[in-house]
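Working notes, structure below.
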Amino acid sequence: MATIAGAADAERFWQRMAIGLAVFIVFGFAQFTARGFVDPLRAPFWVHLHGAAMLGWLALLIVQPTLVSRRNLVLHRRLGWVGAALALVIACLGVFIGAMALVLHRQPPFFTPPFFLALTAVESLVFGAMAAWAIRRRRATDWHRRLMIGATIVVLEPALGRLLPIPLMGVWAEPAVTLCQLAAVAIVAAHDRRTRGAVHPATWAVAAVVIAERVAISLLAMTPPVIALAARLAGG
């Protein structure tokens, strides 16, 4: 009985973590729209498609631990492949949307075109890679669930960009975003210490990916090929 209760508590943590990330992301976009910073009706259809896919991803992230706690593993596995398809759509559309934002001059004015191109491309590809890694490790439940949460932490940046005063933060914007993402990883690390006595290797891996991603974005934005491609897309 104690083992079953412990397993149920573990699933509740992952569900709460998923709910917390989902609420944070949805709130970030909703408040930005409510404050009149964007007109959803003027957004291209592919932006809405990307948003719908992301909402589907967040919904699955919440539902999947519930299915595990109820021992409905058949449906859990079926929905897992739906999640894999959504991850592919999100990653591909993320890269496309970043490029088209430059073409249509829709990128945030506080980002340079090379940085915005590197940001959207790297973030989308890392999200897709993390989701693929999680699916590959689906039989190792401890790795699988942490990598799935990690993939979602990777794409917290767009919500953070709509909540933090990025235009006023200057050079501190990137470190602030990184620290916020690592704070989410720290919640998982605290759970690891409480339940396992030590931080799980997968949690360390997620933290390393978050840091490497932010460094890669900054470095790529300064490379001549990315600068030239961004200028070409922007019509410069």
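Rundown of residues vs (1) buried (at least 20 other Cβ atoms within 10 Å of the Cβ); (2) in a helix (DSSP H, G or I); (3) more than 19 Å from the chain's Cα centre (by Cα), yes/no style:
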| residue | (1), (2), (3) |
| --- | --- |
| Met130 | yes, yes, no |
| Arg146 | yes, yes, no |
| Gly170 | no, yes, yes |
| Ala173 | no, yes, no |
| Ala183 | no, yes, no |
| Ala205 | no, yes, no |
Item to check | Candidate set from region 88-114 (those that are more than 15 Å from Ala221 (Cβ to Cβ) and in a loop (DSSP other than H, G, I, E, B)); member that is modelled with the highest pLDDT | outcome: Leu104
Checklist entry - Has region 228-235 got at least one residue that is within 21 Å of the chain's Cα centre (by Cα) and either crowded, with 16+ Cβ neighbours inside 10 Å or farther than 16 Å from Leu119 by Cα (or both)? => result no
Checklist entry - If only one of Thr152, Thr178 is closer than 26 Å to Pro44 by Cβ, surrounded by 16 or more Cβ atoms within 10 Å (Cβ to Cβ) and hydroxyl-bearing (Ser, Thr, Tyr), which one is it? => result Thr152
Checklist entry - Out of curiosity, is Ala85 within 14 Å of His50 (Cα to Cα), more than 14 Å from the chain's Cα centre (by Cα) and modelled with pLDDT of 95 or more? => result yes
Next on the checklist: Which pairs turn up if I take residues in region 88-113 that are on the phi < 0 side of the Ramachandran plot and look for partners that are of a type in the set (D, E, K, R) and part of a helix (DSSP H, G or I) with beta carbon separation below 7 Å, at least 6 apart in sequence or on another chain?
Outcome noted: Gly94/Glu123
Checklist entry - List, please: which pairs have Cβ atoms under 8 Å, are six or more places apart or on different chains, and start with a residue in region 23-37 that is more than 23 Å from Ala184 (Cβ to Cβ) and end with one that is surrounded by 12 or more Cβ atoms within 10 Å (Cβ to Cβ)? => result Phe37/Arg162
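The values are calculated or read from the model by the stated rules, or taken from the named source; none is laboratory data. If you're wondering where the values come from, they're calculated on a predicted model, not measured in any experiment. Positions of Cβ are backbone-derived with ideal geometry, glycine not excepted, and every protein chain shown enters the neighbour counts.
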